[in-house]
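Worksheet: the structure to be examined is printed underneath.
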Amino acid sequence: MEPQDRFAITAQPSRPWVVQQLREARPYGLQPRYLFRDNDGIYGHGVRAFLDSCGIEEVRTTYRSPWQNPYVERFGDTLRRELLDHVIVLNERHLVRLLAEFIERYYHTDRPHQGLDGDTPVLHAKPSVCNSPTKLVATPVIAPD
C-alpha cells in the first residue's frame, strides 16, 4: 500500500468526499462520540445527516476561533514543531511519506502524550508492567533520503 493510499488527499474536497472519509475513519464499527469541526462550507446537511445516523454528536467551533478546537490545534503545533521545522519538504509525495512515518512510527508509538500520563497511544492501549530499571535510548525515527 502506497503512503498516499492511507491519507485521503484531494485538492478539491466535496461533501460526499468528506462523508466517505468519516465512514472510513470508523474501523470495525468503532466511532467517536463527538466530531469537533470548524464552520467550513464543505460541511452541510449531508455530513450532519451522516453524523446523526451514526450517533456522533457534532460540535462546531465559533467563527474565527481556532483555539476552540484545541486537539487539532495541538496536533498541528506538534507536527510543525517536531517534524516540519526540521525538514525541507520537496513535494507532495515526500510530504505524504513524512506524515506516514511521523504518525505511524513516532507519534503513536514513541512520543509520550500528556493526556495519557506520559504513555504513548500504543502503550496506553496495551499497558505493560516493567519492574526493572529501564535505559532511555534516543532512536532517529525519520530516515534521511
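The values are calculated or read from the model by the stated rules, or taken from the named source; none is laboratory data. None of these values were measured; they are calculated from a predicted model. All Cβ positions, even for glycine, are placed from backbone atoms using ideal geometry, and neighbour counts span all protein chains on display.
Let's see how each residue does on (1) of a type in the set (Val, Ile, Thr); (2) exposed (fewer than 11 other Cβ atoms within 10 Å of the Cβ); (3) modelled with pLDDT of 85 or more; (4) outside any helix (DSSP H, G or I):
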{"residue": "Leu22", "(1), (2), (3), (4)": "no, no, yes, no"}
{"residue": "Tyr28", "(1), (2), (3), (4)": "no, yes, no, no"}
{"residue": "Phe50", "(1), (2), (3), (4)": "no, no, yes, no"}
{"residue": "Val72", "(1), (2), (3), (4)": "yes, no, no, no"}
{"residue": "Thr78", "(1), (2), (3), (4)": "yes, no, yes, no"}
{"residue": "Val89", "(1), (2), (3), (4)": "yes, no, yes, yes"}
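Applying the set (1) among the hydroxyl-bearing types (Ser, Thr, Tyr); (2) modelled with pLDDT under 75; (3) within 19 Å of Leu22 (Cα to Cα) to Thr61 leaves exactly one unmet item: (2).
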